[in-house]
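The values are calculated or read from the model by the stated rules, or taken from the named source; none is laboratory data. Remember, predicted model here, so these are calculated numbers, not experimental data. Cβ sites come from the backbone with ideal geometry, for glycine too, and all protein chains shown count toward neighbours.
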């Protein structure tokens, strides 16, 4: 009888020990994730908008607003004066290295098709960064105010790590042969020494 009680308590202790180890391991990874995200600085540095046909698209607001050192908000309000069902985007990513140089991404896509099927993996990352802050979340046609309000960059939405540096995301929007440019500059700095 004594042997049975001893086995019972040992198995209970073994289960508790494995549960404690599992909790400690999960806690360690949560702390590591928080510290790694604290070590990443991902913020906007410049934003430029340009409409080449003001009788088709007009920028009402195009600015950055600094909230603190690590958080900069982007606000954009563009008015499309005519409905459009044909929107093409030329998406390019540049890295600053003695001037801005082309870097990995140079894609052309059809926005109306993308909003129906989400077919392009590169633009899916870009769209994931601003979809929560925008009313550009439906299929074509687009007309009226298209708004980005209080957009700020979050490293957990990026889904991948970039090399430390300054970048320029150039988006050229083609609306039935009318062009609009938006250029967003941002810095990505990963300093793991800060995570300790």
By residue number, the members of segment 113-129 that are over 14 Å from the mean Cα position of the chain (by Cα) and buried (at least 17 other Cβ atoms within 10 Å of the Cβ) are 114, 120
If you go through segment 97-110 one residue at a time, do you hit one that is outside any strand (DSSP E or B) and surrounded by 13 or more Cβ atoms within 10 Å (Cβ to Cβ)? no
What number of residues within segment 130-143 are farther than 17 Å from residue 117 by Cβ and either surrounded by fewer than 12 Cβ atoms within 10 Å (Cβ to Cβ) or modelled with pLDDT under 90 (or both)? 2
